[in-house]
Amino acid sequence: MSERASEPSGTARRSPEELRSHRWYGGEGLRSFSHRSRSRQLGLNPEEHLGKPVIGILNTWSGINPCHMHLRERAEQVARGVWQAGGYPVEFPVATLSETFQKPTPMLYRNLLAMETEEILRSYPVDGAVLLGGCDKTTPALLMGAASADLPAIFVPAGPMLAGHWRGEVLGSGTDMWRYADERRAGRLGEAEWSELEAALARSPGHCMTMGTASTMTSAAEVLGMTLPGAASIPAVDSAHHRMAAASGRRAVELVWADLRPSRILDERAYADAVTTVLALGGSTNAVIHLIAMAGRSQVPLGLADFDRIARDTPVLADIRPGGRFLMEDFHYAGGLRALLARLGARLHLDRITVSGRTLGEGLAGAAVHDDEVIRPVDRPLAAEGGVAVLRGNLAPDGAVIKYIAATPELLRHTGPAVVFHGYRDLRDRIDDEDLPVTPDSVLVLAGAGPKGGPGMPEYGMLPIPTRLLRAGVRDMVRISDARMSGTSYGACVLHVAPEAHVGGPLALVRDGDPITLDVPARTLSLDVPDDELARRRAAWIPPEPTFERGYGALYYEHITQADTGCDFEFLARPGKNPDPDPE
Ligand code: FES
């Protein structure tokens, strides 16, 4: 079936004169003359692009982003598809946000890429867009910008890298690095093995192949309806990935003719389905922040309470690391996201329209699970409830999250004395101090690592277990912070405590030895200190200096919102006038 044949009947088709780009190219004035003249300077004859949908290919490729190193080639394949369908492709390089290399954290720059995406689409003669991303923050950033620009857009997920292999063992990027790092600190792994692991963990283009933030968010993009069906799990180096890229280019042209915009796709039902799917995948806690921010751009109310509510009724079906055993390659061979969505069935809104021009349900036709161990049946789930809980209490008045399927079950109800670190440097300097008053029952607290204090809310939330305890066999402890945690990480880590310590949240008031109680079944997190003592500490609290005084950092610092509202810039999240330019 051709892509155009899949467009729902009754969809009005626009004329070339109705294209947004026509305002640049089609007028009689001097500026249109200049746009046509400069197009000839680009080497284009008029018949090659005039009257055709201009498709912006927003490419997050960079020579420093291994997760996206194949996206130059994929952009060419997208362009091939655009030409085939009668469009005119234009590639725009945009910020790359390499999770591994960008410091202090790419989260500091998610909103910058979102702004860049929106403004590139707004300021150029673009009719529609193909968004190429996948490494953690790139997916939400591109989709946030596209939602705000609200031009027809389709997302091409970078695809997971191939599984790592080492000495007969299958390795997951991130997850197995953390695991073996602990083994090394415990003295159970030699330098030779550690060096071999360096070469074995990540061996092909593509994003992390665990159910980390990248796989979680590309899967969210698919269920939201912003990718072609089945796109998210295709390994980056699979020839199917090449074909998906070209098909997405073709589809982008049809999206423009049909004027099928993100605002028609990204509704309340779409975000509810994204939450359900992320939970059924055992996905990254980062998805909580990103989906809330993305929904905000779509003017859809979505909050922490929605995650907790949906989690209580959603089984975890994907047995993928770090919460499970397998990797994204296994998930793809087991049927991929379409198979998992088919299993979720009536829990989803199957009659929603997607970028394919068909409904979510139509896109699942023929989907089947080929391995019940990787994608569990609903009556034999990995966990009966979604793996994320939202906690509240006097230590987290605006909420905190824990991915409890990745935690030691015995720690999910725990009271212990706090051992407090103020910022990452303090943590790094003292965690292995022989005099640190820490026992396996202690609660490790990191304050000052939130959106403003981090800055950028880095992924410090899996605080390292003190080496002394590691050597004694301890592998998990209750840890609490206003930071995030890598989606590839694990442990009894309470994250995203809001408000953060830097703005005076209760985390700033915790002292060494204070008893803290975590009760995941009751969804509570409490600092067991009398109110009058907390009031005394609050009165004595001195607000820290601003993290930034100039540059992008100052913009970020002044406008970033807290974790429970998605860490967007308040001026990007709010509705309001932002007119399309008049090119004449
Ligand atoms: Fe890019 Fe993990 S480092 S997805």
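Data table
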quantity	calculated
Some residue of the stretch 422-432 being open to solvent by 50 Å² or more (accessible area, probe 1.4 Å), in a loop (DSSP other than H, G, I, E, B) and farther than 20 Å from residue 186 by Cβ	no
Qualifying residues in the stretch 463-487 (those that are within 16 Å of the ligand (Cβ to nearest atom) and open to solvent by less than 10 Å² (accessible area, probe 1.4 Å)) - the one modelled with the highest pLDDT	484
Members of the stretch 136-162 that are part of a helix (DSSP H, G or I) and within 11 Å of the ligand (Cβ to nearest atom)	138, 139
Residues (in contact with a His (Cβ under 6 Å, 6 or more places away or on another chain) and over 20 Å from residue 279 (Cβ atoms)) located in the stretch 201-234	205, 234
Of residues in the stretch 384-421 being among the small types (Gly, Ala, Ser) and open to solvent by 20 Å² or more (accessible area, probe 1.4 Å), the one farthest from residue 487 (Cα to Cα)	393
Flag if residue 164 is more than 25 Å from the chain's Cα centre (by Cα) and under 30 Å from residue 471 (Cα atoms)	no
Single residue of the stretch 185-204 satisfying the filter (in contact (Cβ under 8 Å) with a residue 40 or more places away in the chain and open to solvent by 30 Å² or more (accessible area, probe 1.4 Å)) that is farthest from residue 286 (Cα to Cα)	187
Residue list for the stretch 511-543, filter: touching a Lys or Arg at 6+ places or on another chain (Cβ under 9 Å) and closer than 29 Å to residue 303 by Cα	517, 518, 519, 520, 521, 522, 523, 524, 525, 529
Near pairs, Cβ below 7 angstrom, 6+ apart or cross-chain, from the stretch 124-141 (farther than 18 Å from residue 76 by Cα) to any residue that is among the β-branched types (Val, Ile, Thr) and part of a loop (DSSP other than H, G, I, E, B)	138/60
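The values are calculated or read from the model by the stated rules, or taken from the named source; none is laboratory data. What you see is a predicted model; the values in this text were computed from it and never measured. No Cβ is skipped: glycine too gets one built from the backbone with ideal geometry, and neighbour counts run over all protein chains shown. In case anyone asks, the SASA skips ligands and DNA or RNA and just uses the protein heavy atoms, side chains included. Shrake-Rupley method; radii C 1.70, N 1.55, O 1.52, S 1.80 Å.
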